[in-house]
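Here the structure comes first, spelled out in structure tokens, and everything after it is commentary.
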């Protein structure tokens, strides 16, 4: 077995919604290419074509994007071209219905962060508050190789579908991407109505407070409540999320509010004893001290790359009583000092 075959097998571990095949088919038809060649290249079997099988694999998803990339118009980013073929409610079903019947952008984003892994398992999604902003981070869960940048852009574009359901005022939502532009930056910004930044340290979207407060024009409380309950029932990982996940979320929220958290306080907020919390974390292979340090480092990295705050202030915000202790911990975690990570000197 050659190395390429090994990589293909390694990719076939996640299921993606069949709606992604619909998208590729529409793109092929719009570009006037034979869709049969798409099926052959991506090894799409008859049950998938007939929609008797409602998913595709990691490898098939990657090849769908690569196939679309090969027939795309030159000069215009593929994510922009694909967006013209994507229904604004993709991926549809309960998830799509819940996302555009939510009360406001804040509620819709919360739902998307909780459930996006069910329709886009190539990423882990995380929300961190910084002042009055929400930073939605996209952490790749699988390496899609040469098409990774195109997928990053398209998934960010999916989150920007709120522009169809709400009157979002300036300043625009920010999109930060790790790669260089794959076309004219103006094409991205004109199509997605957002401000794009390239060659950044992370892949994320930044929503300001005024974005989050915007009501959705398609809000329907009865529909949202009904569908949201069905979503929770269909995804046990939400209803029975791990203690580690709950503690991480709590620590991130408290840090964003400028509050430190002890294990005793965390246990109180979870309505369990300190000993029980420690035991449950241990069963999941973690400790409170490790989770607290990880949350502090994640928040510090976000503040260093997203704000002009002095390192000394970031150190205090993240629970360190001295700059030197913070710098040592940061370098131990990231291999860089805070100033090296930021890429320029800031007087502390």
Next item on the list: Please give the contour-minus-distance gain from residue 290 to residue 333: 0.36 nm per residue of separation, less the Cα-Cα distance, rounded to one decimal in nm.
Entry: 14.4 nm
Margin query: For q values of 0.20 Å⁻¹, compute log₁₀ I(q)/I(0) with the Debye formula on a Cα-only model of region 243-342, without solvent.
Written below: -0.95
Notebook entry, point to check: Between residue 276 and residue 262, what is the spin-label point distance in nm, taking each point 7 Å from the Cα along the Cα→C-beta axis?
Noted result: 2.0
Notebook entry, point to check: For region 3-71, what does the alpha-carbon gyration tensor say about shape, rounded, prolate or oblate, given a ≥ b ≥ c as the root eigenvalues, a/c under 1.5 as rounded, and a/b over b/c as prolate?
Noted result: oblate
Next item on the list: Any chance you could run the full-extension gain for residue 141 through residue 36? It's 0.36 nm times the residue separation minus the Cα-Cα distance, nm to one decimal.
Entry: 34.8 nm
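Cα-Cα pairs above 27 Å in region 93-212: how many percent?
More than 27 Å apart: 12 percent of the Cα pairs in region 93-212.
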Margin query: Please state the shape class of region 152-310: rounded when a/c is under 1.5, otherwise prolate if a/b exceeds b/c and oblate if not, all from the C-alpha gyration tensor.
Written below: oblate
Item checked: Efficiency of FRET between residue 234 and residue 184 - r from beta-carbon atoms, R0 51 angstrom, step 0.05 -> 0.80
Check: If you take the beta carbon distance between residue 132 and residue 69 as r and set R0 to 35 Å, what does 1/(1 + (r/R0)^6) give as a FRET efficiency, to the nearest 0.05?
Finding: 0.40
Notebook entry, point to check: Taking only DSSP H segments of four or more residues, each worth -39500 (n - 2.57), what value at 222 nm results for the chain once the sum is divided by all its residues, to the nearest 500 deg cm²/dmol?
Noted result: -15500 deg cm²/dmol
Next item on the list: Return P(r) of the chain (all Cα-Cα pairs; 20 Å bins starting at 0; whole %; ordered from short to long distances).
Entry: 26, 57, 17, 0
Next item on the list: Give me the distance between the Cα centres of region 99-127 and region 283-333, rounded to whole Å.
Entry: 26
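Laboratory data are not the source of any read-out in this text; all were calculated from the coordinates shown. Given the structure is predicted, the values throughout are model-derived calculations rather than measurements. Quick reminder, even Gly has a Cβ in these numbers, built from the backbone with ideal geometry, and neighbours come from all protein chains shown.
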